[in-house]
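Enquirer: One structure is given below, represented as structure tokens, and several questions about it will come after.
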């Protein structure tokens, strides 16, 4: 069994309207699902991805209004990296981000920056046979757009403590002393460590967990393999749009293995994804209680209209 790289990355925001504006209007991603956190349905779970809501392009946010800013430390992801197709794309993004007052300093084939709450982000020029996962945006030419995730970087106290688990249980392939290639039959991505002695603090602008892609057919087998490795995975949880298993890898980073499918078009048309609040069937009866408590959001369609 092989995992098909990153499925999604889930983060925390304290300001959903600003979050929508940045990820839709500025970065050019498409909001593909506006729903609630199924473990705490009083707060949003917002999903941004490519035009089809594909695994491998999907960054998501729980909104806790006014939550204190966080700080990445040991056992946390500190940077989310997207692919772009050329050096010209980095030039485009450096100029676009500067126009928004966002500091971005190019480092050869990389462009690191942060979102408005301090979440570490990066664009990287990558040559790959993986399909580009692109969203349409009137101000961003398709050939310059974000093309899906390249990987994530995490902090750890000890660069070796997770190696046996990642290579053995999960099948990650070592790429140097502190990085791994995670590649399955459909696509791949990277997972890399930086060492730190600093403890992290969860909050706004931090990553909650990173999810890896599994086929539906192999998902239960992954749960068994992870349990047999000595980790403590949850049972398979049905999230309606995909199924999930959660556990912590030895460095402390919260991992999920999520299925490719059923997908975000399971309950609304592809052409109107993300335009209205959608609740999984098990939560629909709570709509009268949930909707009044949620923060009003700008229309994603209006943000990308010329």
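Each value in this text was obtained by applying a stated rule to the coordinates, not by laboratory testing. Quick caveat, the model's predicted, so the values are computed rather than measured.
Enquirer: Which whole-number percentage describes the relative contact order of the stretch 6-303, with Cα contacts under 8 Å and a sequence gap of 6 or more?
Expert: On the way: 684 pairs, mean separation 74.7, N = 298.
RCO, the stretch 6-303: 25 percent.
Enquirer: Given only helices, namely DSSP H runs of n ≥ 4 each adding -39500 (n - 2.57), what is the per-residue ellipticity at 222 nm of the chain, to the nearest 500 deg cm²/dmol? Write out the running numbers ahead of the final one.
Expert: Working: 6 runs with 42 residues, N = 306.
Computed ellipticity for the chain at 222 nm equals -3500 deg cm²/dmol.
Enquirer: Could you pull the Cα extents of the stretch 6-303 along its three principal axes, largest to smallest, in whole Å?
Expert: 48, 48, 38
Enquirer: Between 237, 59, 140, which gets the highest mean-square fluctuation from a Gaussian network model of the chain, Cα cutoff 10 Å?
Expert: Its mean-square fluctuation being the largest, the pick is 237.
Enquirer: Calculate the length of the line joining the C-alpha centroid of the stretch 40-58 to that of the stretch 61-89, in whole Å.
Expert: Between the Cα centre of the stretch 40-58 and that of the stretch 61-89, the gap is 14 Å.
Enquirer: For the stretch 15-35 and the stretch 231-306, what is the separation of their C-alpha centers, rounded to whole Å?
Expert: Using only Cα atoms, the two centres lie 14 Å from each other.
Enquirer: Can you tell me which of 293, 52, 30 moves the most in a GNM of the chain? Springs connect C-alpha atoms under 10 Å apart.
Expert: Highest fluctuation among the options: 293.
Enquirer: Hey, in the GNM for the chain with a 10 angstrom Cα cutoff, which one of 137, 105, 45 fluctuates hardest?
Expert: 105
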